[in-house]
1. So, of the residues in the range A:68-108 that are among the hydroxyl-bearing types (S, T, Y) and over 30 Å from B:K35 (Cα atoms), which turns out to be modelled with the highest pLDDT?
2. Identify, by number, the condition in (1) touching a helix residue (DSSP H, G or I) at 6+ places or on another chain (Cβ under 8 Å); (2) more than 8 Å from every other protein chain (Cβ to nearest Cβ) that B:L71 doesn't meet.
3. For A:V103, which of the numbered conditions (1) outside any loop (DSSP other than H, G, I, E, B); (2) β-branched (V, I, T); (3) facing another protein chain (nearest Cβ under 10 Å) fails to hold?
4. Test A:S164 against the stated conditions and say whether it is over 13 Å from the mean Cα position of the chain (by Cα), within 30 Å of A:W63 (Cβ to Cβ) and at pLDDT 95 or above.
5. Among the residues of the range B:2-25, what is the count of those that are assigned to a loop (DSSP other than H, G, I, E, B) and either of a type in the set (D, E, K, R) or more than 11 Å from every other protein chain (Cβ to nearest Cβ) (or both)?
6. Consider B:I28 against the criteria (1) in a helix (DSSP H, G or I); (2) in contact (Cβ under 8 Å) with a residue 24 or more places away in the chain; (3) surrounded by 13 or more Cβ atoms within 10 Å (Cβ to Cβ): it satisfies all of them except one. Which criterion is unmet?
7. Identify, from the list B:C36, B:C56, the residue that is not charged (D, E, K, R) and not in a helix (DSSP H, G or I).
8. Restricting to the range A:15-64, name every residue that is out of contact with any Phe, Trp or Tyr (no Cβ under 7 Å at 6 or more places or on another chain), crowded, with 20+ Cβ neighbours inside 10 Å and in contact (Cβ under 8 Å) with a residue 40 or more places away in the chain.
Amino acid sequence: MVAPLPETLTPELVFHEYAPRIYNIARRMLGNDTDAEDVTQDVLLQVVRRLDTFRGDSQIATWLHRVTVNAALAHREKRANRQKHETGDVDDVLETAAPESEVKRWNVSPDEPVLAAEQHAIIEKAIKELPEPFRDVYLLADVEGLPNADIGNMLGLSVAAVKSRLHRARMRMRDLLAPHFEERDAS
Amino acid sequence: MTCEELMAVLADYVGGELVVEHHATVKIHIDGCAKCGSYVATYTHTIRISRALPKCGQLSAAFEAKLRAALAEHLGEATS
């Protein structure tokens, strides 16, 4: 979460503290800068309109996640209506089978990982490749660190559904990242 | 426990949500199965490196200017 804010929230403070955060969630959910900018502007103005109703940093942070997710989903829905694409039963899209062949270890620090810019880009690209319903859950759980119950409330899913999608998303992410992080064979 | 059964409880195992006996069963399987041991390690790495991503995005100068203008316009309307 962001650092604690002073008691009095001003538009400038909200802009400074929250605009980059809103933008990042929206960009990761929507997968492109233009849509993320539209959503960021909408959400920021909503926050500023309601500034005097917030009583603390945790309250605004929770609300902000919810409003950003709602705005991004609405934006995506509009886009989908324009593109008219069918998704089918989303929970069958990603499999959960056990690995059939050898699984190589990764060359990642056992402590707090420090990622190079190139690694950031690899992870962001993998997130973008997740099917949208899985991407949403993955982002909110494993990037933003929100509890499953909160994610369920935001996305209109049961906790069991959140957990199922999260597990499938993690497995796909693991597969997408593996070629970039696997230890090289000594030769 | 089979490898397939491990996959079915992996998220709960990683999240520390299994009861002690079940956790121990999973641990025994992982310790005895190199493939699953590596899989669990890399699944966990996936979560850890995702959590290390920055939470704030860099706004472009053009977008920041546009956003500030929208905010100023909104505040102007709100006070007039």
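The values are calculated or read from the model by the stated rules, or taken from the named source; none is laboratory data. Please read these numbers as outputs of a predicted model, since none were measured by experiment. Cβ placement follows ideal geometry from the backbone for every residue including glycine, while neighbour counts extend to all protein chains displayed.
1. Residues of the range A:68-108 that are among the hydroxyl-bearing types (S, T, Y), as a first pass: A:68, A:87, A:96, A:101.
When the remaining residues are screened for being over 30 Å from B:K35 (Cα atoms), the result is A:68, A:87.
Values: A:T68: 94, A:T87: 52.
For the range A:68-108, the residue satisfying everything is A:T68.
2. (2)
3. With (1) outside any loop (DSSP other than H, G, I, E, B); (2) β-branched (V, I, T); (3) facing another protein chain (nearest Cβ under 10 Å) applied to A:V103, the lone miss is (1).
4. Working: over 13 Å from the mean Cα position of the chain (by Cα): yes; within 30 Å of A:W63 (Cβ to Cβ): yes; at pLDDT 95 or above: no.
It is false that A:S164 is over 13 Å from the mean Cα position of the chain (by Cα), within 30 Å of A:W63 (Cβ to Cβ) and at pLDDT 95 or above.
5. Within the range B:2-25, the first condition is being assigned to a loop (DSSP other than H, G, I, E, B), and the residues that meet it are B:2, B:15-19.
Cutting the leftovers down to either of a type in the set (D, E, K, R) or more than 11 Å from every other protein chain (Cβ to nearest Cβ) (or both) gives us B:16-19.
The total comes to 4.
6. Tallying (1) in a helix (DSSP H, G or I); (2) in contact (Cβ under 8 Å) with a residue 24 or more places away in the chain; (3) surrounded by 13 or more Cβ atoms within 10 Å (Cβ to Cβ), B:I28 fails exactly one: (3).
7. Working: B:C36 fails: not in a helix (DSSP H, G or I).
Selected residue: B:C56, the only one of B:C36, B:C56 that is not charged (D, E, K, R) and not in a helix (DSSP H, G or I).
8. A:Y18, A:R21, A:I22, A:I25, A:A26, A:R28, A:M29, A:L30, listed by residue number.
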